[in-house]
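Read-outs: derived from the displayed coordinates by stated rules, not from any lab. Bear in mind that the values here come from a model prediction, so they are computed numbers and not experimental data. Quick reminder, even Gly has a Cβ in these numbers, built from the backbone with ideal geometry, and neighbours come from all protein chains shown.
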Amino acid sequence: MTDAPPLCLTVAGSDSGGGAGIQADLKTMLALGVHGMSVVTAVTAQNSLGVQGIWELPAEAVKAQYRAVVDDMGVHAVKTGILASTALVETVAELLAATSAPAVVDPVGVSKHGDALLAASALDAVRKELLPRATVATPNLDEVAQLTGVIVESEDDMRRAADAVLAYGPQWALVKGGHLAAHGGQAADLLTDGDTQLWLRAPRHDNRHTHGTGCTLASAIAAGLAKGQDVPQAVMEAKEYVTGAIAAGFALGGGIGPVDHAW
Ligand code: PLP
């Protein structure tokens, strides 16, 4: 018998294509040496072409999965993904309020294909109930615009966006700059807690097979936190992991293929 590894829980949606959501989260956690556990919030019918359908689970089912896992086995870090509706955002925020484990909140709004993964009516609950519970919130530029109204076109805008996210109460904001043209071919993300500012730059790969990038990054951060790393260390190592996974992303089906966790 060996000792149990650190325990990491994803509270997120299922991607039937295996590229994003719960499936990406569990692959990431396995690759990074933590035990992955899952609370399914919604089921998507999905492939490389997009999301064909999304079905949200009842709040009661989400709560029961969470209690089953945490009350028996415990948890060292939580990651949240698709929460779909106000009811689920409020339920998960309540569960997070009652745990001392760090939480990485990926405020998923819209997929790369433009499919809505969160009801517009739930945005206010994300701002007021969920973000205050986050150790790290990881919005991309679209999510920043949705949540704060800040449109990012420069590094200065990224700083303003991060401040606007922090105003909702997470301890750290990681604003993912992704495709910001102003960065001259670099994918720059900004991590800040209001005092420390850390720019994370990685060479951009011209690989269109990037499905699951956001889920993978957030899970990798949660894995680092579960191992006891501090937030900057966990984010730096997670960025390195996702950069490798994007470089190794492969074609699948007729659309956007997944990042690869076996790189
Ligand atoms: N499907 C599920 C279940 C997800 O959780 C997410 C993102 O969090 C997506 C799809 C969107 O993934 P992407 O924008 O990388 O295509």
message: Between the range 128-182 and the range 9-39, how far is it from one alpha carbon centroid to the other, in angstrom?
response: 23 Å
- prompt: How much mean residue ellipticity at 222 nm does the chain get from its helices, if each DSSP H run of length 4 or more adds -39500 (n - 2.57) and you divide by all residues, to the nearest 500 deg cm²/dmol?
  reply: -10500 deg cm²/dmol
query: With a ≥ b ≥ c the root eigenvalues of the C-alpha gyration tensor of the range 1-99, is it rounded (a/c under 1.5), prolate (a/b larger than b/c) or oblate?
result: oblate
query: Which of these, S121, S48, S111, has the largest mean-square fluctuation under a Gaussian network model of the chain (Cα springs below 10 Å)?
result: S121
- prompt: Is the shape of the chain best called rounded, prolate or oblate, per the rule: a/c under 1.5 gives rounded, else a/b larger than b/c gives prolate, else oblate, with a ≥ b ≥ c the square roots of the Cα gyration tensor eigenvalues?
  reply: rounded
message: To make sure I understand, if each residue's beta carbon is the centre and we count other beta carbons within 10 Å, what order do R67, R159 fall in, fewest to most?
response: R67, R159
statement: Exposure proxy check on H261, H35, H205, H211: fewest-to-most Cβ neighbours within 10 Å is H205, H35, H261, H211
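What is the chain's relative contact order, in percent, from Cα pairs under 8 angstrom and six or more apart in sequence?
Averaging sequence separation for qualifying contacts and normalising by length gives 19 percent for the chain.
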task: Sticking with the crude label model, points 7 Å out along Cα→Cβ, report the distance from T99 to T2 in nm, one decimal please.
output: 2.4 nm
query: Given the pairs K63/K112; K27/K239; K176/K239; K27/K128; K128/K227; K63/K227, which span a C-alpha to C-alpha distance of over 19 angstrom in this model?
result: K63/K112; K27/K128; K128/K227; K63/K227
Assigned charges on the beta-carbon of Lys, Arg, Asp, Glu; the chain dipole about Cα centre (debye): 280 debye
Given charges at Cβ of Lys, Arg, Asp, Glu: the chain dipole, positive-most of L166, L200, I256: I256
